[in-house]
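Asks: Once you've had a glance at the structure underneath, I'll fire off some questions.
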Amino acid sequence: MVVLLLITVLSRRLSAHIRSTAPGGAKPGHGSFLDTIRALLLSQLLPLWIVFWLGFLYWLLREDGGISDYGDAIVSALKWNLPIFYSILAARALTIRGGLLQAHFRWTAETVRKLRRALDYLLWLFIPASVLTSIAIHVLPEGLGSVTVKLAFVVLAGTMSLFIYQVLHPIRGLIASYLKANPNGYLSRLRWLWFFAVVAIPLLLLGLSLAGYVYSAATILRHLVSVLWLIAILVLVQQLAEFWLLLTRRRLAYKAALERRRALAKQQAETEPGPAEGEREQEREAVEEASRVDLAALSKESRKLLNALLFIGGAVGVWLIWSPLIPALGVLDEIALWQQSVTVEGHQERVAVTVGDVLSVLSIVVITVLAAKNLPSLIEILLLQYFRISPGSRYTIRTLAGYIIAAVGMVALFKAVGGSWSSIQWLVAALGVGIGFGLQEIVANFISGLIILFERPIRVGDYVTVGDTDGTVTRIRIRATTILTRDRKELLVPNKEFITGRLLNWTLSDPTTRLKVVVGIRYGADVRLAEKIMLEAAREHPRVLREPAPWVNFNDFGDSALLLELRCIVDFAEYRVKVASELRHVIDSGFRAAEMEIPFPQRDVHLDTLQPLEVRIQSQE
């Protein structure tokens with residue numbers, strides 16, 4: 001008892017300790033991730049005093065067990081509901097003002113308030129209904145079929161549906177900001193479809209309980225609650241990982257900014273004598289610069305790896321949660337939705353399509369979509385970490401992995417719906433006719449895309465010329481390849497054109513390219529001096545290769561100028577236009593400094609003076 005009182009007193013001071021861990025105006029270079037971990041641990045300790053008192057009550061009742069049916073029922077209710085009760089209180093402790101979500105993860109006050117309100121619904125509706133259900137099952141003679149149990153389960157399922165509605169609503173829920181920031185993702189585009197489907201699951205369980213399957217509905221609901229807590233844990237892990245990456249990025253940005261400020265101050269002190277910028281002022285400016293680093297600055301590879309690891313962890317967690325229930329889901333195979341005809345050993349038979357079959361199909365679809373979206377990125381990141389593979393090769397492996405995963409998912413889906421070769425013969429025949437007439441171009445583009453991925457005449461990142469268009473290859477899809485032009489326009493080229501047509505790939509085996517700059521100087525000018533100026537301009541440019549060295553040709557005696565041509569090798573073909581412009585600027589400045597003129601075009605006009613000029617004046621009328 002003394003220990004419980006001591007825990008209760010100490011718990012009252014935990015809120016102040018949690019607020020003291022909030023990151024304030026400390027320098028990014030001195031911030032510690034341990035403060036965030038400490039805030040998380042203290043938040044989990046905050047509701048322990050309530051749980052300890054209830055646990056003490058559970059221990060007293062268990063020691064005096066057998067005194068009444070109600071005592072045993074309360075013991076059983078506490079045993080099953082204490083973990084859920086503590087989980088809700090622990091999640092609610094994260095939402096206190098100045099707590100982990102608001103001070104460390106920078107959640108808005110409105111978002112935190114919405115989460116706290118949703119958790120309050122679980123605390124004041126779900127927990128009492130769950131306790132009442134447990135007591136009623138043990139006490140009432142009807143057991144699972146009693147009216148009290150069914151009414152309590154109505155409250156349970158309704159509260160769970162309301163909680164999901166408040167958290168996952170695409171416009172007013174906690175996920176609204178994420179959907180707004182990612183409008184092109186699958187979650188955003190299919191938001192209303194999956195939202196109503198998830199909200200309807202507890203309501204379907206409610207109907208299942210009213211139909212008499214109370215135990216099955218309660219078991220499924222308990223596992224759904226476990227899945228929700230798994231999702232909450234994954235979100236918490238994601239926030240912690242992103243916050244750690246953000247702190248690391250800010251610390252590096254702070255050090256780089258501070259070194260840059262000190263170097264600039266030293267340079268100014270050497271060139272411009274005067275009062276130097278103070279050390280404190282340099283640190284203040286470095287802090288301001290580092291503080292501007294936000295989550296958007298995190299590298300794409302880091303986000304991909306984090307999402308892939310969370311996906312794998314979530315998949316393993318869902319499997320561990322549902323695997324004990326798989327044998328119990330056999331009742332879903334007894335609920336027939338419709339019947340279909342199948343051929344078994346040459347005989348037509350009627351087979352029922354059950355709720356279990358539909359759930360299996362939906363599970364395969366969801367797993368295939370998630371795997372095709374995340375596993376190729378994980379493969380790419382692993383290759384990037386352990387092997388030196390070009391971006392084009394990584395893109396090829398990622399694309400082919402997505403195709404393979406999609407193909408395996410389609411085969412599994414086909415088997416799940418009871419498909420056989422005889423049932424799709426007509427479809428194959430129809431596709432053959434369609435390919436022969438109207439789909440041959442689509443199939444040709446698809447096959448050409450596979451040839452491009454394997455043979456690799458072009459790769460992602462290559463600079464190519466197709467027709468009269470130059471650009472960089474950004475994507476290679478099933479039907480077409482996307483080329484980003486210099487005007488930032490995306491040109492979609494059917495894959496067939498790369499295989500059957502002519503293609504100029506500037507960077508297939510060598511990214512360098514030769515550049516020519518033609519300049520004319522006036523007759524009588526010093527040609528050797530002009531060549532020297534042009535060579536110096538090329539040698540000083542950072543993108544011009546030293547080997548092979550640039551050279552200047554005296555091309556011809558033009559009509560009005562001596563024509564000189566500078567030839568050099570640029571390190572990457574995409575920069576040839578920019579390098580040519582910069583070289584012309586430097587050459588022009590060098591010619592002006594040497595007082596060397598670039599002549600205007602000259603024309604000689606000869607007038608015939610043997611005969612008088614004939615002048616005619618015409619009236620406007």
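The values are calculated or read from the model by the stated rules, or taken from the named source; none is laboratory data. Being a predicted model, the structure only gives us computed values, none of them experimental. Cβ coordinates were reconstructed from backbone atoms using ideal geometry, including for glycine residues, and neighbour counts include every protein chain displayed.
Asks: Taking the stated definitions as given, is residue 228 modelled with pLDDT of 85 or more and either over 16 Å from the mean Cα position of the chain (by Cα) or closer than 17 Å to residue 122 by Cα (or both)?
Replies: Considered against the rule, which asks whether it is modelled with pLDDT of 85 or more and either over 16 Å from the mean Cα position of the chain (by Cα) or closer than 17 Å to residue 122 by Cα (or both), residue 228 comes out as yes.
Asks: Select, from 464, 473, 493, 518, the only residue that is closer than 28 Å to residue 595 by Cα and not in a loop (DSSP other than H, G, I, E, B).
Replies: Result: 518 is the single residue among 464, 473, 493, 518 that is closer than 28 Å to residue 595 by Cα and not in a loop (DSSP other than H, G, I, E, B).
Asks: So residue 224 ticks every box in (1) surrounded by 15 or more Cβ atoms within 10 Å (Cβ to Cβ); (2) hydrophobic (A, V, I, L, M, F, W, C); (3) farther than 15 Å from residue 160 by Cα but one. Which box is left unticked?
Replies: (3)
Asks: For segment 118-225, give me every one of the helices (runs of 4 or more DSSP H) that falls completely inside it and has 3 or more residues that are modelled with pLDDT of 80 or more.
Replies: The helices (runs of 4 or more DSSP H) meeting that bar are 127-139, 147-168, 176-181, 191-210.
Asks: Now, a different point. Need the failing condition index for residue 525 against (1) surrounded by 11 or more Cβ atoms within 10 Å (Cβ to Cβ); (2) at pLDDT 90 or above, just the number.
Replies: Among (1) surrounded by 11 or more Cβ atoms within 10 Å (Cβ to Cβ); (2) at pLDDT 90 or above, the lone unmet condition for residue 525 is (2).
Asks: Check whether at least one residue in segment 486-505 is in contact with an Asp or Glu (Cβ under 7 Å, 6 or more places away or on another chain), touching a residue at least 12 places away in the same chain (Cβ under 8 Å) and loosely packed, with under 15 Cβ neighbours inside 10 Å, and report yes or no.
Replies: yes
Asks: Related question: Grab the helices (runs of 4 or more DSSP H) fully contained in segment 15-101, keeping just those with 1 or more residues being at pLDDT 75 or above.
Replies: Correct list: 34-45, 69-93.
Asks: Further question on the same structure: For segment 582-604, which residues satisfy the criterion of being among the small types (Gly, Ala, Ser) and within 11 Å of residue 530 (Cβ to Cβ)?
Replies: Taking segment 582-604 as the starting set, the residues that turn out to be among the small types (Gly, Ala, Ser) are 589-590, 593-594.
If the condition is that a residue be among the small types (Gly, Ala, Ser) and within 11 Å of residue 530 (Cβ to Cβ), then 590, 594 are the ones that fit.
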